[in-house]
Amino acid sequence: MTEAAENTAKAALRIHMRAKRRELVREHPEADWQAGDHGPDMLARLKYSRPGVIAVYRASGNEMDPRPLADNLAALGWRLALPVCREIDQAVVFRAWAPGDRLIPDVMNIAAPLDSAPELKPDIIVAPVLAFDHVGNRLGQGGGYYDRTLEALRAGPRPPVYVGLAFNGQEVDHVPVYDHDQRLDAILTETGYRPFS
């Protein structure tokens, strides 16, 4: 498939899945809490023997809200972090964050921790998802920030586990991908945690 055809396929799927996700939010308003309740099972299956750092995100629009997951893992001793975009079209960094901390807009105008918050290397990165398929391909908003970030982190020692957070109904048969697109290691939905091979 040509790059132009991939772009068209991705754009069409984004339009469809944004509408689908709006429906899922109305039908399952409790889903973010249910997904959050599966956090301890996710940790058990990942075999973490002690708390580490989990990077979550600030939900926008009808993205599944990771706050219930963050609250559950923070109660287990995990440190929380949020992504910070310092430059357009570059990898993001992750800064320490706790519920109630003051946030300021980053260069993408997304609420992010202050520059004084320490930069952390996550053990787990939780990302929003528009669509995912059975092998872990992820459709995001199209900015490529998570792809650039994961590519860099996976090239280093101890790469983080990359987990999508989504409604179970966001699974599709196939997500069109480019060579630089980074696959999810697992998906966390209201029905549970599922790793990809």
Only one of these conditions is not met by Tyr193: (1) of a type outside the set (Val, Ile, Thr); (2) more than 13 Å from the chain's Cα centre (by Cα); (3) over 23 Å from Ala44 (Cβ atoms); (4) not in a loop (DSSP other than H, G, I, E, B). Which number is it? (3)
Determine, yes or no, whether Pro122 is assigned to a loop (DSSP other than H, G, I, E, B) and either of a type outside the set (D, E, K, R) or farther than 22 Å from Arg14 by Cα (or both). yes
Yes/no for Arg18 being surrounded by 13 or more Cβ atoms within 10 Å (Cβ to Cβ), closer than 20 Å to Thr189 by Cα and basic (Lys, Arg): yes
Would you confirm whether any residue within the range 18-41 is in contact (Cβ under 8 Å) with a residue 40 or more places away in the chain, in a loop (DSSP other than H, G, I, E, B) and in contact with a Leu (Cβ under 8 Å, 6 or more places away or on another chain)? yes
Unique residue being in contact with a helix residue (DSSP H, G or I) (Cβ under 8 Å, 6 or more places away or on another chain), surrounded by 16 or more Cβ atoms within 10 Å (Cβ to Cβ), at pLDDT below 95 and not hydrophobic (A, V, I, L, M, F, W, C) when the list is Gly144, Gly140, Gly169: Gly140
Kindly indicate whether any position in the range 83-97 is among the aromatic types (Phe, Trp, Tyr) and in a loop (DSSP other than H, G, I, E, B). no
Could you list, in sequence order, all residues of the range 46-78 that are of a type in the set (S, T, N, Q) and either closer than 25 Å to His28 by Cα or surrounded by 14 or more Cβ atoms within 10 Å (Cβ to Cβ) (or both)? Ser60, Asn62, Asn72
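The values are calculated or read from the model by the stated rules, or taken from the named source; none is laboratory data. From a predicted model like this one, the values you see are computed outputs, not experimental measurements. Glycine gets a Cβ as well: all are built from the backbone with ideal geometry, and neighbour counts include every protein chain shown.
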